[in-house]
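Notes follow the structure.
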Amino acid sequence: MNHLPLTTYENASPEVKKEYDYWTQRSGRITNMKRLMLQDPPTYKVFMTWYDLYERLVELVGERAANLYCYAISTANHCLLCSTFFRQIFVDAGESPEAFTLDETEQLLYDLGSAIATDPNHIPTDVYERLELRFNTQELVLIYGFGAQMVATNYFNMISRVAVDDVLEPYMTPEFLAQVVSEG
């Protein structure tokens, strides 16, 4: 159950209805997170810049690597909503998140994502060294900025106690829940 009330289409302003319509057209529904953020359109607008950074990251490293980065951050942060969202992407693609096979760039981003969420003040030196061998300064700023935006999204969902969307519930296996919830 959500800690705060979600917006409803029926009671929404024209500005909020426009966002509902956009997401319904784009993905068939509007998520609980977006419905909560729309209680304050400026907050919503700030968090939706995630998509701009995500698209740029996908151009740089590919969609799978970008999603692995998000998944690593979200699971290490113990954000049930975001980690379940990204778990769904992998399961629906026929992958087992418990047994990923990663290429060098994917492993690097997975390691960075886990380190960012675990202790951003102590990211291993070898992770930084591998990053600097693979990416230039502008690319690293994008990667770090997006990682921070993913952490912020995790924190918003956890602080606000945004309920996991109904469509994600089938992806919350007991093993997954033990990893994400009990360690958090």
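Which value, in debye to the nearest 20, gives the size of the charge dipole of the stretch 1-47 about its Cα centre, when Lys and Arg are +1 and Asp and Glu are -1 at the Cβ?
Approximately 160 debye in magnitude.
How far apart, in nanometres, would the label points at Glu15 and Tyr51 be if each is projected 7 angstrom from Cα along the Cα-to-Cβ direction?
Going by the 7 Å Cα→Cβ label model, 1.7 nm.
Two-decimal Rg/Rh of the stretch 103-176 from alpha-carbon positions, Kirkwood Rh? Could you put the intermediate results ahead of the total?
Numbers: Rg = 15.1 Å, Rh = 14.3 Å.
So for the stretch 103-176, dividing Rg by the Kirkwood Rh gives 1.06.
Could you work out the mean projected area of the convex hull around the alpha carbons of the stretch 60-147, in square nanometres to one decimal? Each step should come with its number before you reach the end.
Numbers: hull surface 22.1 nm².
The orientation-averaged projected area of the Cα hull of the stretch 60-147 comes to 5.5 nm².
Counting only Cα atoms, I'd like the Rg/Rh figure for the stretch 30-184, Kirkwood definition for Rh.
Working: Rg = 15.2 Å, Rh = 15.9 Å.
Ratio of gyration radius to Kirkwood radius for the stretch 30-184: 0.95.
Along its principal axes, what span do the Cα atoms of the stretch 1-47 show, with the longest given first and each in whole Å?
Cα spread of the stretch 1-47 along its principal axes, largest to smallest: 27, 22, 22 Å.
When only DSSP loop residues count, what GluC sites (Glu not before Pro) in the stretch 97-127 have their Cβ near at most 12 other Cβ atoms within 10 Å?
Numbers: sites: Glu98, Glu104, Glu106; in loops: Glu98.
For GluC sites (Glu not before Pro) across the stretch 97-127 that sit outside H, G, I, E and B with at most 12 neighbouring Cβ atoms in 10 Å, the list reads Glu98.
Whole-Hz Karplus ³J(HN,Hα) for the stretch 22-38, in order, using 6.51 cos²θ - 1.76 cosθ + 1.60 and θ = phi - 60°, x for Gly and Pro?
4, 5, 5, 5, 6, 10, x, 6, 10, 6, 4, 4, 5, 4, 6, 4, 5
Would you mind calculating the relative contact order of the chain from Cα pairs under 8 angstrom and at least 6 residues apart, reporting the percent as a whole number?
On the way: 176 pairs, mean separation 60.4, N = 184.
The value is 33 percent.
According to a simple spin-label model (label point 7 Å from Cα along Cα-to-Cβ), what is the distance in nm between Thr101 and Thr125?
My value for the distance between the label points is 3.4 nm.
Go ahead and estimate [θ] at 222 nm for the chain from helices alone: -39,500 (n - 2.57) per DSSP H run with n ≥ 4, summed, over the residue count, rounded to 500. List each step's numbers first, then the result.
Details: 10 runs with 120 residues, N = 184.
Calculated at 222 nm, the ellipticity per residue is -20000 deg cm²/dmol.
Please give the net charge around Thr84, taking every other residue with its beta carbon less than 11 angstrom from that of Thr84, where Lys and Arg add +1 and Asp and Glu add -1.
Details: positive: Arg87; negative: Asp165, Glu169.
So the surrounding residues net to -1.
Report the Cα centroid-to-centroid distance between the stretch 114-184 and the stretch 55-107 in angstrom, as an integer.
After rounding, the separation between the Cα centres reads 10 Å.
A short reminder: the numbers here are calculations on the coordinates, not readings from a lab. These numbers were taken from a predicted model, which means no experiment stands behind them. For neighbour counting, all protein chains shown are included, and Cβ atoms are generated from backbone atoms with ideal geometry for every residue, glycine included.
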